[in-house]
Amino acid sequence: MGTVVDTAKKEANGSSLSEKKITVVFVLGGPGSGKGTQCEHIVQHFGYTHLSAGDLLRAEIKSGSENGAMIQNMIKDGKIVPSEVTIKLLQRAMQESSNDKFLIDGFPRNEENRSAFESVTGIEPEFVLFFDCPEEEMERRLLSRNQGREDDNIDTIRKRFKVYMESSLPVIEYYNSKGKVRKIDAGKPVEEVFEAVKAVFSKDA
Ligand code: ADP
Ligand code: C5P
Ligand code: MG
């Protein structure tokens, strides 16, 4: 409402974003819990645009950007890239899209991601879709994913599980305390998981 903070937010937001009423659903869950797989189905049925933070970071490495080497090293080590980098990629993707409904997959991954996104964009998620999956199942899926990813090896997978437990679960807890989490049993076959996802979107979105 014309405060200095609002103006700063609008500037950081970019004019097209702040003028649009944006709906964001955060899609969270451990590595290999099926976020990307389910997002593809949600896009088909509910008209959202899917933005995977990990995919955007991998594209940034490929584009030869000056941050590429830093991002590549962090991904190889299972670490969370500084929010500044990831948020810029997410903002750019939202601004370039003509859609106003986004699934943001794999973000926020830690408290820094969460608070920075909120203060920079002013956007709060409609709800958080949380794929809850046993670690042994996630490990099996990652080891057979076969997409040539440098982080789908057992050493990096263990590091990613540790980061997930220590840094990402607290973010899910934060949203849970605000009543925003829709938890899905993600250890089942893809079609069964999607039935549960459909029920959430038919009700909440
Ligand atoms: P995430 O994006 O959460 O890391 P993905 O969607 O990439 O997970 O899924 C990881 C791997 O597991 C992929 O090879 C995918 O085909 C497979 N997968 C996804 N969902 C299921 C499921 N419900 N049951 C068995 N395999 C699955
Ligand atoms: O979600 P995905 O499995 O594609 O993420 C792969 C890696 O990308 C993560 O392990 C992390 O190194 C990086 N990443 C990140 N910040 C995010 C999302 C992903 O640093 N918000
Ligand atoms: Mg993914």
inquiry  = With +1 assigned to the C-beta of every Lys and Arg and -1 to the C-beta of every Asp and Glu, and no other charges, what is the dipole magnitude of the chain about the Cα centre in debye, to the nearest 20?
reply    = 120 debye
note = So, over other residues within a Cβ distance under 13 Å of Val85, counting Lys, Arg +1 and Asp, Glu -1, the net charge is +1
ask   = Once label points are set 7 Å from the Cα along Cα→Cβ at both Ser144 and Ala199, what is their separation, rounded to one decimal in nm?
value = 2.7 nm
Summed side-chain charge close to Asp155 - residues other than Asp155 whose Cβ falls under 15 Å, Lys, Arg +1, Asp, Glu -1 = +2
Quarter of the Cα convex hull surface for the chain, i.e. its orientation-mean projected area (nm²) = 11.6 nm²
query = What part of the accessible area of the range 43-115, given as a whole %, is carbon or sulfur when the probe is 1.4 angstrom?
reply = 46 percent
key: At R0 = 30 Å, FRET efficiency that the Cβ-Cβ distance of Met165 and Glu118 yields, to 0.05   = 0.85
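The values are calculated or read from the model by the stated rules, or taken from the named source; none is laboratory data. These numbers come from a predicted model, not from an experiment. Using ideal geometry, Cβ is built from the backbone for each residue, glycine included, and neighbour counts are taken over all protein chains shown. Side chains included, ligands, DNA and RNA excluded: accessible areas come from the protein's heavy atoms. Shrake-Rupley method; radii C 1.70, N 1.55, O 1.52, S 1.80 Å.
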